[in-house]
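Enquirer: Pasting a structure here, questions to come.
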Amino acid sequence: MSHAILSASGASRWINCNPSARLEETMENTTSGYAEEGTLAHALAELKLRKYFIETGMAKRTYTSELNKLKKHRLWQNEIDSYTDEYVDHVRAIAMSFDVAPFIEIEKKVSFEEYVPEAFGTADTIIISGDRLYIIDLKYGKGVPVYAENNSQLMLYALGAYLEYSLFYGIENIEMHIVQPRLENISMFSIKVNDLLEWAETVIKPNAQRAFAGEGEFNPGEHCKFCKAKASCRARAANYFTLEALKEKGPLLTNEEKAEALQRGAELDKWLGELKVEIFSAIEKGEEVKGWKIVQGRSAGRKFTDTDAAVGKLKEHGIAEELLYERKMLTVPQMETVIGKKDFKEWVGDMVETIPGKPTLAPESDKREAISKRKSKDVFSVISNENNI
Ligand code: SF4
């Protein structure tokens, strides 16, 4: 598959850290199980949307045969079917909301080369109706919620779609939606075409030119988390070891300094994890890493060499089967995975309650409402008790 140096998915990184694009080029490509799972979910969503909107005459047999091919994938889980249904339902609801059938494209490659050298991307769904252009993106990850607001990836898709279709449609408003079914996250953001074009001209164009030329300053931040250089990057490492803020001040840290230390400590913790992965793989490849080696981990327990034979022998010795087996119910999320989200919701959805999480510290950027704003004395007494205050 061809790959743009300045990809839409990496835009928040190369906008904030221009030289990262060329630096990434020098690094090995890796893929994760999560990425493969996402590709599988996108393939299924595309099949469903094609059948519904584009190839409306697709025979049931053809659809089933395509579906069965996807089901043979080693990462297939029934929940992929129900989660992609949620995305498809969202797209259908938008498409059905117009009096006249809208223009629809699925998995459409769009180019935004006018602003970003040699760049293109694939928009999951594009809908155009009247003066409105919709970009609807499926995010299959469940690690962190992704939001549509000022999302540079979606804005670049919107830019590409606008450049492609503005000749035929009087597009003035853009709606960007992210559907992230595994986190029950549907996020929307609207922008006027003029504002999008101004952003493209003043933010995208100059940063893209610098990034393409490999110029600009390395600038560590939130955007590092998806950078291929995240563990090896010198600028990022230096950032963790700069303690200027703590120098030449009084003997005790202020609350602001503690807050800053906590924030940086959390990032440092993640970075150390990434470093471990890189050093492990370097040693595995036979490279010398002074002071480190790979050893056998602690035993994960004991197991029978032949379980059936061992159980048989124990029974011969008069041990009752009930003593050897434990009947254990799956957890609610495990059952939902096995049964599929749709059926699970229909059959027992109203019998499920969510256990509230323990009060926890979160950075200001977290989307959850601060408990203090609810002015709940109960919650703070829980925090106090848990911390033995
Ligand atoms: S890790 Fe961060 S600072 Fe380093 S190149 Fe990547 S984005 Fe830039």
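Each value in this text was obtained by applying a stated rule to the coordinates, not by laboratory testing. As the structure is a prediction and not an experimental result, all values here were calculated from the model. For neighbour counting, all protein chains shown are included, and Cβ atoms are generated from backbone atoms with ideal geometry for every residue, glycine included.
Enquirer: Place the peptides 4-14, 23-33 in order of packing, highest mean first, counting for every residue the other Cβ atoms within 10 Å and averaging per peptide. Write down the numbers at each step before the final one.
Expert: Values: 4-14: 21.7, 23-33: 10.2.
Descending packing order for the listed peptides: 4-14, 23-33.
Enquirer: Quick check on the chain: helices-only [θ] at 222 nm, where DSSP H runs of length 4 and up contribute -39,500 (n - 2.57) each and the sum goes over total residues. Nearest 500, please. Before the final figure, lay out the partial values.
Expert: Values: 16 runs with 171 residues, N = 389.
My calculation for the chain gives -13000 deg cm²/dmol from helical runs alone.
Enquirer: Which entries of K142/K367; K142/K341; K69/K139; K48/K139 have Cα-Cα distances beyond 18 Å here? Could you put the intermediate results ahead of the total?
Expert: Working: K142/K367 15 Å; K142/K341 15 Å; K69/K139 22 Å; K48/K139 16 Å.
Check vs 18 Å cut-off fails for K69/K139.
Enquirer: Quick one: give the max-minus-min coordinate of the C-alpha atoms of the range 11-213 along each principal axis, largest first, in Å.
Expert: In descending order, the Cα extents are 50, 46, 27 Å.
Enquirer: Then there's this: Taking the Cα-to-Cβ direction at Y34 and at R50 and moving 7 Å from each Cα, how far apart do the two end points lie in nm?
Expert: About 2.8 nm separates the two model spin labels.
Enquirer: Let me ask something else. For the chain, taking Cα atoms only, what is the radius of gyration to one decimal and the Dmax to the nearest whole Å?
Expert: Rg and Dmax of the chain, Cα atoms, are 25.9, 83 Å.
Enquirer: Considering only DSSP beta bridges whose two residues both sit in the chain, what percent are antiparallel, to the nearest 5?
Expert: Values: 21 of 28 bridges.
If I count the DSSP bridges inside the chain, around 75 percent turn out antiparallel.
Enquirer: With labels modelled as points extended 7 Å from the Cα through the Cβ direction, what inter-label distance (nm, one decimal) is found for T26 paired with V289?
Expert: Inter-label distance under the simple model: 2.0 nm.
Enquirer: Related question: Measuring from label point to label point, each 7 Å out along Cα→Cβ, what is the E322 to N255 span in nm?
Expert: 5.9
Enquirer: Summing +1 for each Lys or Arg and -1 for each Asp or Glu, what net charge is found among the other residues whose Cβ lies under 9 Å from the Cβ of H42? All intermediate terms of the calculation are to be shown ahead of the outcome.
Expert: Values: positive: none; negative: E46, E107, D124.
Around H42, the charge tally is -3.
Enquirer: Another question, if that's okay. Enumerate the amide H contacts of D137 below 5 Å, restricted to partners 5 or more residues apart or on another chain; note that Pro and chain-start residues carry no placed amide H.
Expert: H177, I178, V179
Enquirer: Tell me the net charge near K139. Cut-off is 10 Å between Cβ atoms, K139 excluded, with +1 for each Lys or Arg and -1 for each Asp or Glu.
Expert: 0
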